[in-house]
Amino acid sequence: MGSHGRDLSALPQIQPTDGPRDCTLLRPVTPPSPLRGFSSLLQTAPLVSRLVLTGALLTACKPSPPSEQPSDPARAPATVAAAAQNQPLKPASAFASITDPAARSVALFTEAGRVIAHPRCTNCHPSDGVPRQGMDLRLHVPTVSGGPDGHGVAGLPCASCHQAANTPLLGATLPSVPGHPKWALAPAQMAWVGKSLGHICAQLKDPHRNGGKTLSEIHHHMAEDTLVGWAWNPGPGRDPAPGTQASFGELIKAWIDTGAHCPAP
Ligand code: HEC
Ligand code: HEC
């Protein structure tokens, strides 16, 4: 180190563990006071600088390997094993041989559940108001809150970083920032993170917890909503949900047509 001829002892002493992985300053819960400076920068800076700032922030804050993470119930594993996530989605017709309609219904929902439990969906459906990121459902960096309407808190709305479309090109660390005009966090009563498929299924059918939707409206939302559709077009650096939105919609339709039976909770 001395070969550069600089007296490094004059610099503040930083322990290796306090280096790029220390994200504590970026992880306050609400209101995120250390983020205020960052958020006002984000609001006043033009888009390119905002993305550079965001990129710099995230580069400076690489997540630690899982073994070093403190145990945190909020980081509950997805309900579908990672290995199964890349298998193609089976078409609804693949279940025609199951003669008992209730059993067929459960099998159809279980297959559709590979989409529902995929991180591309669940990252926006937590119960604690904090979005998740990546395939490991790690807490969003910086820690943001969905706020009263899911669009973030005053001073740090989702839209200050999430544009109307995926924004590519932040380099290897962050290939893109996801985007959609309706980008927001789902309300807590629609939470899927850490819940079993049977629980999610019952919740989806309950008008008190599904936004007052009928089953037909649930099908329409799953099959047609463009924010749901983002999961199959998530931008560079992110795995899409399995299958297509159309094939997922057909599974949901067939599940409803067979009585909308749920797997055991
Ligand atoms: C300060 C900038 C910033 C703000 C504010 C912000 N995000 Fe993000 N968000 C990002 C970046 C950058 C990524 C991409 C990180 C990555 O892929 O590793 C991201 C990723 C995500 C993802 C992960 C998508 C996936 O499946 O991988 C979700 C979900 C998300 N944000 C939701 C939200 C919501 C909801 C809000 C508002 C309540 C919000 N974000 C506010 C910067 C921000
Ligand atoms: C960017 C965040 C985001 C992503 C990604 C996302 N959702 Fe949502 N979801 C929401 C929000 C916000 C609502 C509530 C507003 C609404 O109903 O449109 C919601 C509501 C829903 C509902 C309504 C009823 C209920 O009981 O939950 C369904 C169904 C749903 N989402 C399915 C999905 C599926 C399936 C995926 C993945 C293929 C997905 N969502 C991905 C944000 C998201």
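Observations on the structure shown:
- The lone exception for GLN85 - which of (1) under 29 Å from GLN163 (Cα atoms); (2) in contact with a helix residue (DSSP H, G or I) (Cβ under 9 Å, 6 or more places away or on another chain); (3) modelled with pLDDT under 50 it fails: (3)
- Per the conditions (1) at pLDDT 95 or above; (2) more than 8 Å from ligand 2 (Cβ to nearest atom); (3) buried (at least 17 other Cβ atoms within 10 Å of the Cβ), the sole criterion not satisfied by PRO142 is (1).
- Residue that is farthest from ligand 1 (Cβ to nearest atom) [pool: residues in the stretch 203-230 that are in a helix (DSSP H, G or I), farther than 15 Å from LYS253 by Cα and not hydroxyl-bearing (Ser, Thr, Tyr)]: GLN203
- Inside the stretch 189-223, residues that are among the small types (Gly, Ala, Ser) and within 11 Å of ligand 2 (Cβ to nearest atom) make up a count of 5.
- Checking each residue in the stretch 148-170 for being assigned to a loop (DSSP other than H, G, I, E, B) and either in contact (Cβ under 8 Å) with a residue 40 or more places away in the chain or not small (Gly, Ala, Ser) (or both) picks out PRO148, ASP149, HIS151, GLY155, CYS161, HIS162, GLN163, ASN166.
- Scan of the stretch 172-201 for residues that are surrounded by fewer than 18 Cβ atoms within 10 Å (Cβ to Cβ) and more than 12 Å from ligand 1 (Cβ to nearest atom), ordered by number: PRO181, ALA188, GLN189, SER196, GLY198, HIS199
- Selected residue (criterion: surrounded by the most Cβ atoms within 10 Å (Cβ to Cβ)) from residues of the stretch 231-265 that are β-branched (Val, Ile, Thr) and in a loop (DSSP other than H, G, I, E, B): THR258
The values are calculated or read from the model by the stated rules, or taken from the named source; none is laboratory data. Note that the structure is a prediction, hence the values are computed from the model and not measured. Virtual Cβ from ideal backbone geometry, glycine too; neighbours counted across all protein chains shown.
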